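Written out below as structure tokens is the structure these notes cover.
Please treat every number below as a calculation from the coordinates, not as lab data. On a predicted model such as this, the values are computed, not experimentally measured, just so you know. Note: ideal-geometry Cβ built from the backbone for every residue, glycine included; neighbour counts use all protein chains shown.
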């Protein structure tokens, strides 16, 4: 594989990694959605399709040997990008013993401590203080790390968000609070329930630098996080980034999304993050249709393999019901 | 043995453990510069500095969650709630995060964190500041719940709680902080999950924990004058609950009176009453008696607030009822 520089300031391998991760999230979730329809997967299934560039671009800026990621219940993409195997994630959706959380977490509770992915949380806003706690550990031990804390526009009015921003500022914690503003908190347009439409004002209210970035452009996301991450690490400071994004599917698998128009959805699909990256790579002459087809084929193989693994994996033994309540 | 207050015993436990393990931090309102609202953390800021003894703004949900996140990431955390009345602000963090993270991650995390502070009524504080919330916390799998009644146990159990890799809810009481008791000079721990028999007896088993243990002991002394020999059990831990000690005692005395200053519905007291009825049915000579606080919010007026809580007289009356004694 060539690593020559292109008119984009990135190696081909790096661009292909980003594209592959976005393709993988989409394929993985489309398969999961299909299996949900067949009742192989139960409960809630919150799909990330449309928002892939946010997790991919931001986490690409991290060094997960010392950095950490926490998110809410729309967590499939973040876990995949942190390096959790698609096998263990699909198996978790199936509730199998080989799942990342041994079949006890399901879609909303993916965890991968080894890869510093600390969940997955089903209570809106409840993980935001946890992220600051992880950053407190980093600061206390002078580890030089950084925490990315993702949440949606639905979480931003929770007290936990506002309390944590204040704490992170006064304690100088290296955490970036990331509002993935996909514009709908379940079925509620954020403009209907927010006193402000520019969420960076919330960051600014706590003396925290707030920035906005186009969440449909993975390179723009990446560049913003490289810049902001460097600032947070070097100055031991929190930051706030509002990422403008859009989810193509309903809030969860059971939501027909009647609160928005087809025209709106179609408009966003024209700015699809995968299409944008592909066209940038094509225009820069770094990759062409053959490359994309190769990546897409690899992706299909990975997702099919994950599904097959999940299908064949054993159910958790009944005695595991009582395991891991306490140490 | 030194005579120490409950407060100083707790302070010693914190100090000894922080000295032993630099991964331990304390966070809470007024814990550092003010030396603690009830002075339990007195002197710790001077000794361990502001990176380990951390004052917070009044944000129980926020700083409790920060503590839990730090514990998930490998620190050992003590969260002080100024009182358990304010723990309700933080309940989401305790219930949904501390108690769940290990389980729903399939065992990927340990949660070495202690949530401590005064629980239960003091005096003249009315409804919002007089709540005994042990039933709520003891209801939750994934937590341990500890409620000492002596300075000796306060120190030994707090040290165990800090060393525990699980989240531990540690219940103190404002009116207990000045109680004194003997505490060994050398270091020791008291294991979580074992009850203590405070007084051996043959006629009735009195079970309690935390502040009402004082009432139980006073009642036992009064009953001795009537030749009723009470065995008094201090539960010390509410989750896990040392049922064995209770059952063995009831099978010996054939009578059981339980005192719990929480409200009656779904309380530790009613739970133990149910368990004793199930497990000791053939041994019981009378129905189990449970004395809870009255099923009302706490009033301000002193006469009314005392009437709302368990009393020595109520315990004696219950013992007489189940002993079928006629006097009084």
Practice task
Report the percentage of all Cα-Cα pairs in segment B:2-183 whose separation exceeds 24 Å, rounded to a whole percent.
Solution key: 30
Problem - Antiparallel %, DSSP beta bridges [both residues in the protein assembly as shown], to 5 - result: 20
Fill in the blank from the handout: Each residue of A:117-128 has, on average, a number of other protein chain C-beta atoms within 10 Å of its C-beta equal to 5
Practice task
Give me the distance between the Cα centres of segment A:143-157 and segment B:40-117, rounded to whole Å.
Solution key: 19
Fill in the blank from the handout: Quick shape check on segment A:209-315: root eigenvalues a ≥ b ≥ c of the Cα gyration tensor, a/c under 1.5 is rounded, otherwise prolate if a/b tops b/c, else oblate, and it reads rounded
Practice task
Write down Rg/Rh for segment B:196-322, rounded to two decimals, with Rg from the C-alpha atoms and Rh from the Kirkwood relation over Cα pairs.
Solution key: 0.95
Exercise for the section: Provide A:245, A:98, B:194 in ascending order of the number of other Cβ atoms located within 10 Å of each residue's Cβ, fewest first. Expected result: B:194, A:98, A:245
Practice task
First measure r as the distance between the Cβ atoms of residue A:261 and residue B:33, then evaluate 1/(1 + (r/R0)^6) with R0 = 60 Å and state the FRET efficiency to the nearest 0.05.
Solution key: 0.60
Practice task
Give the Cα extents of segment A:2-140 along the principal axes, in whole Å, largest first.
Solution key: 46, 42, 25
Fill in the blank from the handout: Most packed first (mean Cβ within 10 Å per residue), the peptides A:87-93, A:223-229 order as A:87-93, A:223-229
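Can you put A:127, A:162, B:302 in order, fewest other beta carbons within 10 Å first? It would help to have the intermediate numbers written out before the result.
Details: A:127 33, A:162 19, B:302 10.
Result, fewest neighbours first: B:302, A:162, A:127.
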Exercise for the section: Mind giving me the nanometre distance, one decimal, between the label points for residue B:202 and residue B:283, set 7 Å out from Cα along Cα→Cβ? Expected result: 1.6
Problem - Tilt relative to chain B, helix B:213-225 - C-alpha long axis, 0 to 90 degrees, to 10 - result: 20
Completion exercise
Note on chain B: contact order normalised by length, alpha-carbon pairs under 8 Å, 6 or more apart, percent, works out to 16
Problem - Contact order relative to length of segment A:17-314, as percent, for alpha carbon pairs under 8 angstrom and 6 or more apart - result: 24
Practice task
Averaging sequence separations of C-alpha pairs under 8 Å and six or more residues apart, then dividing by the length of segment A:41-189, give the relative contact order as a whole percent.
Solution key: 23
Exercise for the section: May I have the convex hull volume per residue, in Å³, for the Cα set of segment A:17-314? Expected result: 121
Exercise for the section: From other protein chains only, count the Cβ atoms within 10 Å of every residue's Cβ in B:25-35, then give the mean. Expected result: 1
Fill in the blank from the handout: On each of the three principal axes the extent of the alpha-carbon atoms of chain B, given in whole Å and largest first, is 62, 42, 41
Exercise for the section: Using a 10 Å cut-off on Cβ to Cβ distances, tally the other chain neighbours for every residue of B:284-290 and report the average as a whole number. Expected result: 0
Practice task
Treat the count of other C-beta atoms within 10 Å as a stand-in for reagent exposure and order B:72, A:186, B:101 from fewest to most.
Solution key: A:186, B:101, B:72
Fill in the blank from the handout: Per the helix-only model, the protein assembly as shown has a calculated mean residue ellipticity at 222 nm (DSSP H runs of ≥4, -39500 (n - 2.57) each, divided over all residues, rounded to the nearest 500) of -12000 deg cm²/dmol
Handout entry: Mean Cβ neighbour count within 10 Å, used as a protection proxy, ranking A:71-79, B:249-257, A:165-173 highest first
Key = A:71-79, B:249-257, A:165-173
Handout entry: Compactness index (Cα Rg / 2.2 N^0.38 Å), the protein assembly as shown
Key = 1.10
Exercise for the section: Once you have a ≥ b ≥ c as the square roots of the Cα gyration tensor eigenvalues for segment A:127-262, tell me rounded if a/c is under 1.5, and otherwise prolate or oblate according to whether a/b is larger than b/c. Expected result: prolate
Handout entry: Sequence ranges A:307-314, B:125-132, A:190-197, ranked by mean other-Cβ count within 10 angstrom, highest first
Key = B:125-132, A:307-314, A:190-197
Problem - FRET efficiency, residue A:226 to residue A:196 (Cβ-Cβ, R0 22 Å, nearest 0.05) - result: 0.20
Fill in the blank from the handout: The Cα radius of gyration of segment A:103-163, divided by 2.2 N^0.38 Å with N its residue count, comes to 1.20
Problem - Helix B:268-279 axis, angle to chain B major axis (alpha carbon atoms, nearest 10°) - result: 50
Handout entry: Shape category assigned to segment B:61-149 from the gyration tensor of Cα positions, a/c cut at 1.5
Key = prolate
Handout entry: Quotient of C-alpha Rg and 2.2 N^0.38 Å, computed over segment B:110-150
Key = 1.37
Practice task
Mind pulling the angle between the C-alpha long axis of helix B:312-323 and the longest principal axis of chain B? Nearest 10 degrees, somewhere in 0 to 90.
Solution key: 50
